[in-house]
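Beneath this line is the structure, given in structure tokens, with notes to follow.
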Amino acid sequence: MTDRFDRARRQLLAKMISELTWEELLFPKGHDAYTLTLTSGRIYRFSATRRIWDNLDIDPGSLSIDEGSAPCPLQFTVDARNEFGMSPATEATFLRELSNTLHQDLELDRMYGTLTAKDLIEQPSRSLHAALDGHPKAVANKGRLGWGCDALSAYAPEYHKPIQLFWLAVENGLLRTGRSQEAEEDTVLASAIGSDAAAELHRRSPKSGTYQIIPVHPWQWRNVVQQAFVAELMTGRIVPLGFHGPDFVASPSLRTLTPVNGSPYDVKLSLSILNTSAWRGMPGKYIEHGGAISDWLATTVENDPVLRNTVLVLREALGHWVEHPLMRQSPEAPYRHHEVLGALWRDNADHKVGPGRRAIMAAALFHEGACGRPLLLAHAEASGLSPEDWLKRLFQVTVMPLWHFLCRYGVGFIAHGQNVTVVLDKDVPVGMAIKDFQGDLDLVDHDFPEMAGLDPAIRMLLPRKPPAYIVHDIQTAHFITVLRFLSAGLARAGAVKEQVFYNLLSQVLSDYATEHPDLAERHRMFDLFAPTMPKVCINRVRFDIGYEDSAARPLPTRGTDLSNPLNRCPSPQETKARELPIPPAA
């Protein structure tokens, strides 16, 4: 137990010092061996390698404090309070988030700490996802304010416990509803939970035909909905139907549950807990249009020769959002009070990719087993490909389509490690599934002709960003939040040097640009090879703004611009990548 605790707190402290140095709150000095002298007088020492994105890759075992006490991220927060500049109230709540994270890190180590990379890739996808560490940039990535140990044990993804949904019949007048063209309410429900279970819910529901049946997360029902909607429950505008239907398990996003029985839909539900900077409710802004956005994206993919064989759209088949009658009269109230009750049925990735293939979150690729090796290396070994050839195939079916979407259609996906799902066939990357169009989808602020099929009302609804901003949906969300950790892990394992990693990425993107000269102007517009790119900081914004409620989700802050490693790679004219055939994604 003592060894496990020492290992967990060292790993969390190493991440903390690394990310907060990268976000320019801490300034250790040295080369290979570093000294961090705090204004409190405490001196921390450690060994680290400076990686290609200017981040410190710290050896947790090397951490020491001059006075000889055991390194701990909780005490470090107090020692570095002058550097962090938090108010006392913010510091206290951050310490709670950090303590919660350390507790769950210990639980992950207890349950999965002996599994090697090879062991982990042999798990079903939903079991593998339960073992993941969480957001790689957020220091307190398992804060989950609002959940105690009982709730964590029942509902947190790492425990992988079955969750049965609670059901409500909600009067139509309280609802906003959206669906894809092919989705009918009764058909989606029957497909999601089985025709017998759906029929039983209809039997329990009021017969007037003016109600819709929606699921609720059991924690949300027990802790929030019964009190928040007491008037609607007492007057019969909302009718409880009870616990019913098959089991689901939580995904790393907490509020998205995936079916145990292999049904075609995941369900995303409101959760009034704070985790990784935001309350995890269900915004109503996009719910009516999620299905239409999904339909447009799916049609776009089907008609595009670059995308059709590699990209799958996880459609938002059916969504409901319940608008609280009083909150409707308080539009400037903090956003969490507007997002208490909602549900979204979305294509399940494993079901969508079909038999013989598997779908894993991109975040799983840089996860390391007990052997210290990223899971990507275990997949490459199982596939028979070299790590370099495996990476090249990965870039061809993920980064290249993301850039094509942006250049051809002006569509940016916030492509972090949970939104991008990699499709594997015999451990080889053959495709990508995209999801989460409820706030994680942007349009360029130019009206490209290729947008013509998208309803103008939706174009007005979605965030419109200039090219210099929207390109960071790839650079910040994917390069920094996924590839930064993947390239460091592969270099640390002695498998692929970082410059080789980004040379391969450059080759794939350069080949794509060469093959599509008609998009040359847009390739320059959305330039992934520019010498610098902004650094977006997600931790220090919490230190600055605290935990007070606001009407909008907090926005990241910006640090010193980064040197772009792709700018140091060969140009499209200087290199020609070896072509690798890619099997179709579906």
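The values are calculated or read from the model by the stated rules, or taken from the named source; none is laboratory data. Predicted model only: the values in this text are computed from it and were never measured. Cβ atoms come from the backbone with ideal geometry, glycine included; neighbour counts cover every protein chain shown.
Inspect all residues belonging to region 472-482 and state whether any of them is at pLDDT 95 or above, in contact with a helix residue (DSSP H, G or I) (Cβ under 6 Å, 6 or more places away or on another chain), surrounded by 14 or more Cβ atoms within 10 Å (Cβ to Cβ) and outside the structural domain of TRP296 (by TED's automatic domain parsing).
yes
Within region 258-276, identify whether any single residue is on the phi > 0 side of the Ramachandran plot and either β-branched (Val, Ile, Thr) or touching a helix residue (DSSP H, G or I) at 6+ places or on another chain (Cβ under 6 Å) (or both), and answer yes or no. Can you show your working first?
First, the residues of region 258-276 that are on the phi > 0 side of the Ramachandran plot: 262, 276.
Applying the additional criterion that residues be either β-branched (Val, Ile, Thr) or touching a helix residue (DSSP H, G or I) at 6+ places or on another chain (Cβ under 6 Å) (or both) yields 276.
Yes, region 258-276 contains at least one residue that is on the phi > 0 side of the Ramachandran plot and either β-branched (Val, Ile, Thr) or touching a helix residue (DSSP H, G or I) at 6+ places or on another chain (Cβ under 6 Å) (or both).
Restricting attention to region 541-583, and to residues there that are of a type in the set (Asp, Glu) and part of a loop (DSSP other than H, G, I, E, B), which single residue is modelled with the lowest pLDDT? Working first, answer last.
We begin by selecting, within region 541-583, every residue of a type in the set (Asp, Glu); these are 544, 548-549, 561, 574, 579.
Next, only the ones that are part of a loop (DSSP other than H, G, I, E, B) stay: 548-549, 561, 574, 579.
Working: GLU548: 82, ASP549: 81, ASP561: 94, GLU574: 45, GLU579: 39.
My answer is GLU579.
Residue by residue, here is whether (1) surrounded by 23 or more Cβ atoms within 10 Å (Cβ to Cβ); (2) under 18 Å from ASP455 (Cβ atoms); (3) not assigned by TED's automatic domain parsing to the domain that holds ILE360 holds:
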residue	(1), (2), (3)
ALA250	yes, no, yes
VAL260	no, no, yes
LEU269	yes, no, yes
LYS285	no, yes, yes
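Any residue at all in region 239-251 that is farther than 22 Å from ARG203 by Cβ, touching a residue at least 40 places away in the same chain (Cβ under 8 Å) and in a loop (DSSP other than H, G, I, E, B)?
Taking every residue of region 239-251 in turn, at least one turns out to be farther than 22 Å from ARG203 by Cβ, touching a residue at least 40 places away in the same chain (Cβ under 8 Å) and in a loop (DSSP other than H, G, I, E, B).
Quickly run through region 464-503 and pick out the residues that are among the small types (Gly, Ala, Ser) and closer than 20 Å to ARG524 by Cβ. Break it down stepwise before answering.
Quick first cut of region 464-503, residues among the small types (Gly, Ala, Ser) only: 468, 477, 487-489, 491, 493-495.
The answer is ALA468, and nothing else.
For region 52-75, how many residues meet the condition of being out of contact with any strand residue (DSSP E or B) (no Cβ under 7 Å at 6 or more places or on another chain) and either in a loop (DSSP other than H, G, I, E, B) or closer than 13 Å to PRO28 by Cα (or both)? Outline the logic, then answer.
We begin by selecting, within region 52-75, every residue out of contact with any strand residue (DSSP E or B) (no Cβ under 7 Å at 6 or more places or on another chain); these are 52, 55, 60-61, 67-70, 72-75.
Applying the additional criterion that residues be either in a loop (DSSP other than H, G, I, E, B) or closer than 13 Å to PRO28 by Cα (or both) yields 52, 55, 67-70, 72.
Residues meeting the conditions: 7.
Taking region 178-203 on its own, how many of its residues are crowded, with 16+ Cβ neighbours inside 10 Å and not in a helix (DSSP H, G or I)?
Final tally of qualifying residues: 4.
Given (1) hydrophobic (A, V, I, L, M, F, W, C); (2) surrounded by 19 or more Cβ atoms within 10 Å (Cβ to Cβ); (3) touching a strand residue (DSSP E or B) at 6+ places or on another chain (Cβ under 8 Å), where does ALA493 come up short, assuming only one miss?
In the conditions (1) hydrophobic (A, V, I, L, M, F, W, C); (2) surrounded by 19 or more Cβ atoms within 10 Å (Cβ to Cβ); (3) touching a strand residue (DSSP E or B) at 6+ places or on another chain (Cβ under 8 Å), ALA493 misses (2) alone.
On the basis of being within 18 Å of ARG542 (Cα to Cα) and under 21 Å from the mean Cα position of the chain (by Cα), does LEU128 make the cut?
For LEU128, the condition - within 18 Å of ARG542 (Cα to Cα) and under 21 Å from the mean Cα position of the chain (by Cα) - is not met.
Please state which one of GLU91, GLU107 is modelled with pLDDT of 95 or more, part of a helix (DSSP H, G or I) and over 18 Å from LEU132 (Cα atoms). Full working, then the answer.
Numbers: GLU107 fails: over 18 Å from LEU132 (Cα atoms).
After ruling out the rest, the residue left standing is GLU91.
Within the set of pairs 6 or more residues apart or between chains, which connect a residue that is outside the structural domain of THR90 (by TED's automatic domain parsing) inside region 545-559 to a residue that is of a type in the set (Phe, Trp, Tyr) and assigned to a helix (DSSP H, G or I) with Cβ atoms less than 7 Å apart?
Cβ pairs passing all conditions: ALA551/TYR335; ALA552/TYR335; ARG553/TYR335.
Filter region 474-495 down to the residues that are of a type outside the set (A, V, I, L, M, F, W, C) and touching a residue at least 40 places away in the same chain (Cβ under 8 Å) and list them by number. Quick ask: steps written out before the conclusion?
Taking region 474-495 and keeping what is of a type outside the set (A, V, I, L, M, F, W, C), we get 475-476, 478, 481, 484, 487, 489, 492, 494.
Across region 474-495, the qualifying residues are GLN475, THR476, HIS478, THR481, ARG484, SER487, GLY489, ARG492.
Are any residues in region 495-540 assigned to a loop (DSSP other than H, G, I, E, B), among the basic types (Lys, Arg) and outside the structural domain of GLN475 (by TED's automatic domain parsing), and if so, which ones?
Initial filter on region 495-540 (assigned to a loop (DSSP other than H, G, I, E, B)): 495-497, 516, 526-531, 534-535, 538-539.
Retained after the next criterion (residues that are among the basic types (Lys, Arg)): 497, 535.
Matches in region 495-540: LYS535 only.
Output the residues belonging to region 415-450 that are β-branched (Val, Ile, Thr) and in contact with a strand residue (DSSP E or B) (Cβ under 9 Å, 6 or more places away or on another chain).
Here is the first cut: in region 415-450, the ones β-branched (Val, Ile, Thr) are 420-423, 428, 430, 434, 444.
Within region 415-450, VAL420, THR421, VAL422, VAL423, VAL430, ILE434, VAL444 qualify.
Do the conditions hold for GLU158, that is, is it surrounded by fewer than 21 Cβ atoms within 10 Å (Cβ to Cβ), in a helix (DSSP H, G or I) and not assigned by TED's automatic domain parsing to the domain that holds ALA370?
Working: surrounded by fewer than 21 Cβ atoms within 10 Å (Cβ to Cβ): no; in a helix (DSSP H, G or I): yes; not assigned by TED's automatic domain parsing to the domain that holds ALA370: yes.
In short, no.
Would you mind stating whether PRO305 is free of Cβ contacts under 8 Å to residues at least 12 places away in the same chain, assigned to a loop (DSSP other than H, G, I, E, B) and not basic (Lys, Arg)? It would help to see each step written out before you state the result.
Numbers: free of Cβ contacts under 8 Å to residues at least 12 places away in the same chain: yes; assigned to a loop (DSSP other than H, G, I, E, B): yes; not basic (Lys, Arg): yes.
Yes; evaluated as a whole, the condition is true for this residue.
Quick one: which strands (runs of 3 or more DSSP E) lie wholly within region 343-459 and hold at least 1 residues that are aliphatic (A, V, I, L, M), more than 30 Å from VAL500 (Cβ to Cβ) and at pLDDT below 95? Talk me through it step by step, then tell me what you get.
Values: elements: 357-361, 411-413, 420-425, 428-434, 441-444.
Qualifying strands (runs of 3 or more DSSP E): 441-444.
Condition check ((1) closer than 26 Å to VAL471 by Cα; (2) surrounded by fewer than 24 Cβ atoms within 10 Å (Cβ to Cβ); (3) more than 19 Å from the chain's Cα centre (by Cα)) across all residues:
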site	(1), (2), (3)
ARG328	no, yes, yes
ALA370	no, yes, yes
ARG373	no, yes, yes
LEU385	no, yes, yes
THR398	yes, no, no
HIS416	yes, yes, no
VAL423	yes, no, no
ASP427	no, yes, yes
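Is it fair to say LEU95 is surrounded by 13 or more Cβ atoms within 10 Å (Cβ to Cβ) and in contact (Cβ under 8 Å) with a residue 40 or more places away in the chain? Can you show your working first?
Numbers: surrounded by 13 or more Cβ atoms within 10 Å (Cβ to Cβ): yes; in contact (Cβ under 8 Å) with a residue 40 or more places away in the chain: no.
Taking the combined requirement at face value, the residue does not satisfy it.
Quick one: in region 288-322, which of the residues that are buried (at least 19 other Cβ atoms within 10 Å of the Cβ), in contact with a helix residue (DSSP H, G or I) (Cβ under 8 Å, 6 or more places away or on another chain) and charged (D, E, K, R) is nearest to THR398 (Cα to Cα)?
Among residues in region 288-322 that are buried (at least 19 other Cβ atoms within 10 Å of the Cβ), in contact with a helix residue (DSSP H, G or I) (Cβ under 8 Å, 6 or more places away or on another chain) and charged (D, E, K, R), the one nearest to THR398 (Cα to Cα) is ARG315.
Among the residues that make up region 158-177, is at least one of them touching a residue at least 24 places away in the same chain (Cβ under 8 Å), among the small types (Gly, Ala, Ser) and in contact with a Lys or Arg (Cβ under 9 Å, 6 or more places away or on another chain)?
yes
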